[in-house]
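J.: So that we are looking at the same thing, I have put the structure below in structure tokens.
The values are calculated or read from the model by the stated rules, or taken from the named source; none is laboratory data. Please read these numbers as outputs of a predicted model, since none were measured by experiment. Note that we place each Cβ from the backbone using ideal geometry, even for glycine, and neighbour counts take in every protein chain shown.
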Amino acid sequence: MHIKKIEIKNWLGIKELLFNPGKFNKVSGDSGTGKTSLVEALEKVFTNKNRRTEVIRHDQEEAELFVELDDGLQATRKIRTEKSDYLKVKHDSKAVASTETFLRKLINGEIFRPIEFVQKTTKEQTEIILNMLQIGWTVDDIKNWFSEVPEADYQLHILQILKQIETGYYAERESINREINLLRANIEGIKRDLPPNYNGDEWRSVNLQELYNQLSEAEASNKRLEEAKSLIDGLSLRIDDIKRRATHAAEEKKLDYNRQRDSLTAAVTRLEDSIQREQLVIDDTDRRIIEESTRLDNELEQAIERLKLQYQAKKQTMRGEVRSASEQSRVFIAEYREQIAEKKTTLTNIEDHERKDLEKIADHESNLIATENEKSGNAQEVIDTVEYIDPAPLKETADQAASMKEYLREWERMNDIIREKLTPKEERSAELTAKIKTARDLPKELLKTASLPVDGLSVDEQGRIRIDETLIDGLSEGEALEFAFKLAKAQAGDLKVICVDGWQNLGSKQQEIIESSKSDEYQYFVLETIDGQDLNIEVVEG
């Protein structure tokens, strides 16, 4: 099916154009004369898509496009500024229902332009080709394949969708695996700080208090045993020491009382001597009086008469002094006798005090010896009934348990990390690995059901297009152009139209295309830019 008639009014750079194209049509002219406007008019008619925002010619309110096909189909499309657009399609003089849908069925994709295809990016080329591969699928299929509907652009081709899904899962798995590696490194770090083959369950059940209680009981028992042996071994020494200390205390007491006794005896002697001296004074009183009287008489006789009375007075005074001294001596004697009586009473009492103190020392000695004998008796019982327990193994066991329990918190933290973080992430990583494999394997299976538009074309599991095993971005310029024409022909629907822009740049390819067009079923519109030339349409071959 070819285009039989084209009529264009007020569309882009074309004010008015009417012509009947043939099989090979060369549209030439300078830039801006309307060459591309012609091709875009054809695209608008059949796809209702604009490549530019403003398509109505300046100072006009409506553009009209009319195309008639060689099977009698007529399509009129009006683009208006003040009203809604208008489309009318007639076939065999009858109006066609669902006009847009009907027109779209005439082509696969858009009016194909091979040169434009070559100039597109690899991504854009890939999308065009993938859209030509008809592979049936539904969202339910996605859910069945992956047990969920992963995030992706579901407007893309299924192969691209699967690649997006694979990439998404892969990125998630990489992120999770990084976290897994960090967790494993953390776990290994904790393990390095734990004793070899550390089992927290084993040490958690150990009763540390009970172990130390056993150790304390053993040490207390051993202490009683050692004390008992020490008591038995030192009994005679302690009794001898008690006796020695008691004897020493008694001797000290005796010496003390002897010192008191000697002191009192000496005091009595001194007092008796004082009495004798004072008694001598008393006994010598008359003698001294006579002696003094004689002396004084002699003095008196020798003194003159006038002193006689004076000496008589002195004599009287002397008698008083001597008698006074005698009376004083009697008082002293009485006092000394009272002190002697008191000292003698003290001497009598000191014997009784000495006896009582010595009895106390003896009683204390007996009590201490009895106490030591009683202790020794209990100690012997302890020696006979208590067995020595080696505390070293108990202490080693308790200390080891205490040391091991100190690691318990880190061990539990490690297991929490494994249980709560590492295991779920490992499970998710394994799940993602399975999903990634599914996303990688599905394209191979789906491609088995798709018909490829061009011989030698293939799609790998990553959704990349290859031509005879070469990626499309690796084709030479000639290979790329040849492939573009093959693809253009394969993409064409019932409307067999191919548009070639930049005809002047194809060189020797021009003749190849012309020769090829003579034997194929396609209608060609080739656009050639010629400086300074107005728009010109030449039907090369009808």
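Yes/no per residue for (1) under 30 Å from Asp363 (Cβ atoms); (2) hydrophobic (A, V, I, L, M, F, W, C):
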residue	(1), (2)
Asp240	yes, no
Lys254	yes, no
Asn258	yes, no
Thr269	no, no
Asp273	no, no
Ile282	no, yes
Arg287	no, no
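J.: Just the residues that are part of a helix (DSSP H, G or I) and either of a type outside the set (Val, Ile, Thr) or at pLDDT 90 or above (or both), please, taken from segment 492-529. Talk me through it step by step, then tell me what you get.
T.: Initially, segment 492-529 is screened for residues part of a helix (DSSP H, G or I), giving 503-505, 509-519.
Within segment 492-529, Trp503, Gln504, Asn505, Lys509, Gln510, Gln511, Glu512, Glu515, Ser516, Ser517, Lys518, Ser519 meet the criteria.
J.: Continuing with the same structure: Restricting to segment 218-242, what's the tally of residues that are modelled with pLDDT of 80 or more and over 19 Å from Asp384 (Cβ atoms)?
T.: Adding up the residues that qualify gives 1.
J.: For segment 70-176, give me every one of the helices (runs of 4 or more DSSP H) that falls completely inside it and has 2 or more residues that are surrounded by fewer than 14 Cβ atoms within 10 Å (Cβ to Cβ) and of a type in the set (D, E, K, R).
T.: By residue number, 122-132, 139-146.
J.: Name the residues in segment 184-202 that are without any contact (Cβ under 8 Å) to a residue 24 or more places away in the chain and of a type in the set (A, V, I, L, M), would you? Before you say what the answer is, go through the steps one by one.
T.: Filtering segment 184-202 for residues without any contact (Cβ under 8 Å) to a residue 24 or more places away in the chain gives 185, 188-189, 192, 196-197, 199, 201-202.
Answer for segment 184-202, where residues must be without any contact (Cβ under 8 Å) to a residue 24 or more places away in the chain and of a type in the set (A, V, I, L, M): just Ala185.
J.: Please find, within segment 198-241, the residue that is nearest to the chain's Cα centre (by Cα) out of those that are more than 19 Å from Ile383 (Cα to Cα) and β-branched (Val, Ile, Thr).
T.: This residue is Val206.
A quick yes/no check of all residues on (1) at pLDDT 90 or above; (2) of a type outside the set (Ser, Thr, Tyr); (3) farther than 27 Å from Lys123 by Cβ:
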| residue | (1), (2), (3) |
| --- | --- |
| Trp145 | yes, yes, no |
| Leu156 | no, yes, no |
| Leu159 | no, yes, no |
| Tyr170 | yes, no, no |
| Glu174 | yes, yes, no |
| Ala185 | yes, yes, yes |
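J.: Only strands (runs of 3 or more DSSP E) wholly contained in segment 1-62 count here; list those with 3 or more residues that are within 18 Å of Gln74 (Cα to Cα) and either more than 60 Å from the chain's Cα centre (by Cα) or in contact (Cβ under 8 Å) with a residue 12 or more places away in the chain (or both).
T.: Values: elements: 3-11, 14-19, 24-29.
So the answer is 3-11, 14-19.
J.: Just name the residue that is nearest to Thr529 (Cα to Cα) out of those in segment 27-55 that are of a type in the set (Lys, Arg) and crowded, with 21+ Cβ neighbours inside 10 Å.
T.: Step by step, filter segment 27-55, then rank; the result is Lys35.
Let's see how each residue does on (1) outside any loop (DSSP other than H, G, I, E, B); (2) modelled with pLDDT of 90 or more:
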| residue | (1), (2) |
| --- | --- |
| Thr433 | yes, yes |
| Ala450 | no, no |
| Gln462 | no, no |
| Arg466 | yes, no |
| Ala490 | yes, no |
| Asp531 | no, yes |
| Val540 | yes, no |
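J.: Could you give me the residue pairs with C-beta distances under 8 Å whose first residue belongs to segment 203-222 and is free of Cβ contacts under 8 Å to residues at least 24 places away in the same chain, whose second residue is crowded, with 16+ Cβ neighbours inside 10 Å wherever it lies, and which are 6+ apart or on separate chains?
T.: Every condition considered, no pair remains.
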